[in-house]
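**Student:** I'd like to ask you about the structure that follows.
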Amino acid sequence: MANQSQAAKTRWAILIKNQPVRVLLVEDSPGDVRLTMEAFRTTNADVNVNVATNGVDAMAFLRKEGDYFNAPRPDLILLDLNLPIMGGREVLASIKEDDNLRTIPTVILTKVEEPADIVSSYQLQANAYLVKPVQWEAFESLVRSINDFWVTQVQLPQEPA
Amino acid sequence: MNDPRSGMRSDMSPLEVLLVEDSPGDVRLTRDAFINTNDRVNLSVAVDGAEAMAFLRNEGEYGNAPKPDLILLDLNLPKIDGREVLAAIKTDDILRSIPTIILTTSAAESDIVKSYKLQANAYLRKPVQLDAFDNLIRSISDFWLTKVKLPRQGGRS
């Protein structure tokens, strides 16, 4: 159910910050990229989604290396576990070991539902662990929950000085 | 509802939430909001940091305390401060996997950044208005207790 006052509050918060909320989606499946972007578009048009299709690109984006020298710092990272070149577990460990990057909330969004992966992701300090639903309605509902919690309610950190 | 493909929880045992909060008014508001939102939540309360750590480590009278699925932690607490509790949780190999969410009146950017550095799972500000408070608890319940895979789904350690 849409909540007018929350929606107004979100818009107001975005106006104050004068910039959209930036999400980095690290995902190699073009289908899942498309679904996630469509779900965000219908949920909150003020969310700006960037995509990295493997772990090496994700780290280059976050460290503003090479082609990504101008990349914005994301407010939130959605990270798949099974990725080519450099896997999601390694990306998560690299983010959380980096003093500058570790404050960025990093949410695992994966098809993997192995108990060992859930526990080890939390041990590596993933901020949350989500399993991609197969059904479109459930996927859209998941993105709506992500938006409602992380974009509307949470106080996101600014870049450490 | 419990179709695993829908991402819904199939295990129907209670969801253990530990609220670390010294204000009786805020405890009451949180408890009422959870009762209205999610009847599977079993809310335990610790009123200061020392009690929270004893609960989490099953010390003294907390020998039988359940392992929380989620911790809601105020920052300004008597005895052991919330920042210290957070640091103690996140440097403990057993406790660090428990999602720990800061729920505080502090809006100081330094508190926000420091909490994320210490690996708080999220940082929330307590709204002053009652309906905004209810919305916040509903959002926590919807995201963390319905959508998220909690560490318990990897088996209790």
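Only the coordinates and a few stated rules stand behind these numbers; no lab work does. Quick caveat, the model's predicted, so the values are computed rather than measured. Glycine gets a Cβ as well: all are built from the backbone with ideal geometry, and neighbour counts include every protein chain shown.
**Student:** Enter the mean number of other protein chain beta carbons within 10 Å of the beta carbon of each residue in A:113-124, as an integer.
**Tutor:** Average per residue, whole number: 5.
**Student:** Please work out the FRET efficiency for the pair A:Gln135 and B:Ser13, using the Cβ-Cβ distance as r and a Förster radius of 30 Å; give the result to the nearest 0.05.
**Tutor:** About 0.75, to the nearest 0.05.
**Student:** State, as an integer percentage, the relative contact order of chain A based on alpha-carbon contacts under 8 Å between residues 6 or more apart.
**Tutor:** Computed value for chain A: 22 percent relative contact order.
**Student:** Ranked highest first by average number of other Cβ atoms within 10 Å, how do B:70-79, A:68-77 line up?
**Tutor:** Result, highest mean first: B:70-79, A:68-77.
**Student:** Partner chain Cβ atoms within 10 Å, averaged over the residues of B:108-115 - can you pull that number for me?
**Tutor:** Partner Cβ neighbours, averaged per residue: 3.
**Student:** Another one. For A:Thr103, A:Thr152, what ranking results if the residue with the fewest other Cβ atoms within 10 Å of its Cβ goes first?
**Tutor:** A:Thr152, A:Thr103
**Student:** With r defined as the distance between the Cβ atoms of A:Met86 and B:Lys117 and R0 fixed at 25 Å, what FRET efficiency is calculated, to the nearest 0.05?
**Tutor:** 0.55
**Student:** What are the lysines whose alpha-carbon lies under 25 Å from the alpha-carbon of B:Lys79, with same-chain residues fewer than 8 places away excluded?
**Tutor:** Leaving aside lysines fewer than 8 places away in the same chain, those within reach of B:Lys79 are B:Lys67, B:Lys90, B:Lys114, B:Lys117, B:Lys126.
**Student:** How do the peptides A:121-131, B:117-127 rank, highest first, by the average count of neighbouring beta carbon atoms within 10 Å per residue?
**Tutor:** A:121-131, B:117-127
**Student:** Which whole number gives the average, over all residues in A:128-141, of C-beta atoms from other chains lying within 10 Å of the residue C-beta?
**Tutor:** 4
**Student:** For chain B, list log₁₀ I(q)/I(0) at each q in 0.09, 0.10, 0.12, 0.13 Å⁻¹, using the Debye formula over Cα point scatterers of equal strength and ignoring solvent, two decimals each.
**Tutor:** -0.27, -0.34, -0.49, -0.58
**Student:** Residue farthest toward the positive end of the dipole of the protein assembly as shown, with Cβ of Lys/Arg at +1 and Asp/Glu at -1: which of B:Ser97, A:Ala60, A:Tyr129?
**Tutor:** Toward the positive end, the furthest listed residue is A:Ala60.
**Student:** Extending each Cα 7 Å along its Cβ direction at A:Lys64 and B:Asp93, get the distance between those two points in nm, one decimal.
**Tutor:** 3.8 nm
**Student:** OK, next. Please arrange B:Thr105, A:Thr43 by how many other C-beta atoms lie within 10 Å of their C-beta, fewest to most.
**Tutor:** B:Thr105, A:Thr43
**Student:** Dipole size in debye (nearest 20) for the range A:12-161 around its Cα centre, Lys and Arg Cβ +1, Asp and Glu Cβ -1?
**Tutor:** Computed charge dipole of the range A:12-161: roughly 340 debye.
**Student:** Now, a different point. Could you tell me the calculated FRET efficiency between A:Glu97 and B:Ile80, based on Cβ-Cβ distance and R0 = 25 angstrom, to the nearest 0.05?
**Tutor:** It comes out at approximately 0.40.
**Student:** What's the ranking of A:105-117, B:54-66 by average number of surrounding C-beta atoms within 10 Å, highest first?
**Tutor:** Highest to lowest by the protection proxy: A:105-117, B:54-66.
**Student:** Next question. Restricting to lysine pairs 8 or more places apart or on different chains, what number in chain A have Cα atoms under 24 Å apart?
**Tutor:** For chain A, qualifying lysine pairs total 6.
**Student:** Simple spin-label model, 7 Å along Cα-to-Cβ: B:Lys67 to A:Arg34 in nm?
**Tutor:** Inter-label distance under the simple model: 4.2 nm.
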